[in-house]
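In what follows, a structure is listed as structure tokens, so that the remarks can point back to it.
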Amino acid sequence: MTYQVILPAAGQGKRMRAGKNKLLLELNEMPVLIHTLKVFEGDEACTGIILATHPQDEEEFRALLKKYLITKVINLVPGGEERQHSIYNALKTIETNGIILVHDAARPFIRKGHIHRLTETAEETGAAIIGVPAKDTMKRVQDGAVVETVERSSLWAVQTPQAFRISLLKEAYEKAERDYFLGTDDSSLVERLNVPVTIVEGDYDNIKLTTPEDLYFAEAILKKREKEFC
């Protein structure tokens, strides 16, 4: 099952406190962005990558694509004020049908096997997301006090990629634009169409690099995976 993928990469990552786009930070002497791109570059099922970028990063991004021989990026589009706007800018450039993935560029550890399960599920159902069951006890808090302990077995931490039929995701984004609705992820937009979204279980390594502490976990994951392939 083939697919295209949108990578929103225009955020400035203020919580990372790096003074630049966090995707340009290096893991094992290679930028985070390239780690992520290489997953899709090396997947024969991926037919194209669309990057949503901040104008100040575009020249550097293009240089990195050339340096690391990333050939599947078919378009760089301007990012918007919010992540949702960046993805919509990218989505508008797609004129084909089929399956589209949206993936956080700061999640470099997604596995191809999980990508393929997602695309197959999205082809069958129209919408599929990846996540992992919540590990911790969850509390609902209001005004600094615990209101209730939430039953954990039904709670999942949602990750990316999220996979959809292109026509469905476009419909969801068009409705969100009409309604001035800003969602927390792509699935939340599709859910507003009353379309069921199927969840596929992933793994806990698929972290998003958001804060400086995440870089320590990322290095540990890289070392673990190096041992897996020894």
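So the values come out like this:
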quantity	calculated
Val197 vs. criteria hydrophobic (A, V, I, L, M, F, W, C) and over 24 Å from His35 (Cβ atoms)	yes
Matching option when the condition is within 20 Å of Ala218 (Cα to Cα) and in contact with a Cys (Cβ under 8 Å, 6 or more places away or on another chain), among Phe40, Phe109	Phe40
Residue, farthest from the chain's Cα centre (by Cα), within the stretch 37-60, restricted to residues that are buried (at least 22 other Cβ atoms within 10 Å of the Cβ) and either of a type outside the set (A, V, I, L, M, F, W, C) or farther than 14 Å from Pro108 by Cα (or both)	Thr53
Hits in the stretch 188-207 - residues which are under 27 Å from Ala220 (Cα atoms) and of a type outside the set (Val, Ile, Thr)	Glu201, Gly202, Asp203, Tyr204, Asp205, Asn206
Gly19 being small (Gly, Ala, Ser), farther than 24 Å from Thr184 by Cα, free of Cβ contacts under 8 Å to residues at least 24 places away in the same chain and not in a helix (DSSP H, G or I)	yes
Sole exception among (1) assigned to a loop (DSSP other than H, G, I, E, B); (2) touching a helix residue (DSSP H, G or I) at 6+ places or on another chain (Cβ under 9 Å) for Leu101, by number	(1)
Selection within the stretch 1-16 - outside any strand (DSSP E or B) and either under 18 Å from the mean Cα position of the chain (by Cα) or under 15 Å from Ala106 (Cα atoms) (or both)	Thr2, Ala10, Gly11, Gln12, Gly13, Lys14, Arg15, Met16
Residues (assigned to a loop (DSSP other than H, G, I, E, B) and charged (D, E, K, R)) located in the stretch 53-98	Lys72, Glu81, Glu82, Lys92, Glu95
Residues located in the stretch 164-185, provided they are within 21 Å of Met1 (Cα to Cα) and under 15 Å from the mean Cα position of the chain (by Cα)	Phe164, Leu169
Single condition Ile34 does not satisfy, out of (1) within 18 Å of the chain's Cα centre (by Cα); (2) farther than 19 Å from Ile115 by Cβ; (3) modelled with pLDDT of 95 or more	(2)
Which listed residue, of Ile129, Ile94, is touching an Asp or Glu at 6+ places or on another chain (Cβ under 9 Å) and at negative phi	Ile129
Every residue from the stretch 190-230 that is β-branched (Val, Ile, Thr), outside any loop (DSSP other than H, G, I, E, B) and farther than 18 Å from Leu27 by Cβ	Val190, Thr198, Ile199, Val200
Any hit, the stretch 136-157, residues being within 15 Å of the chain's Cα centre (by Cα) and under 26 Å from Gly80 (Cα atoms)	yes
Residue count for the stretch 142-155, restricted to those that are surrounded by 10 or more Cβ atoms within 10 Å (Cβ to Cβ) and either touching a helix residue (DSSP H, G or I) at 6+ places or on another chain (Cβ under 9 Å) or over 25 Å from Val200 (Cα atoms) (or both)	3
Set Thr198, Thr184: member being among the β-branched types (Val, Ile, Thr) and exposed (fewer than 14 other Cβ atoms within 10 Å of the Cβ)	Thr184
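The values are calculated or read from the model by the stated rules, or taken from the named source; none is laboratory data. Worth saying up front: this structure is predicted, and the values here are computed from it rather than measured. For neighbour counting, all protein chains shown are included, and Cβ atoms are generated from backbone atoms with ideal geometry for every residue, glycine included.
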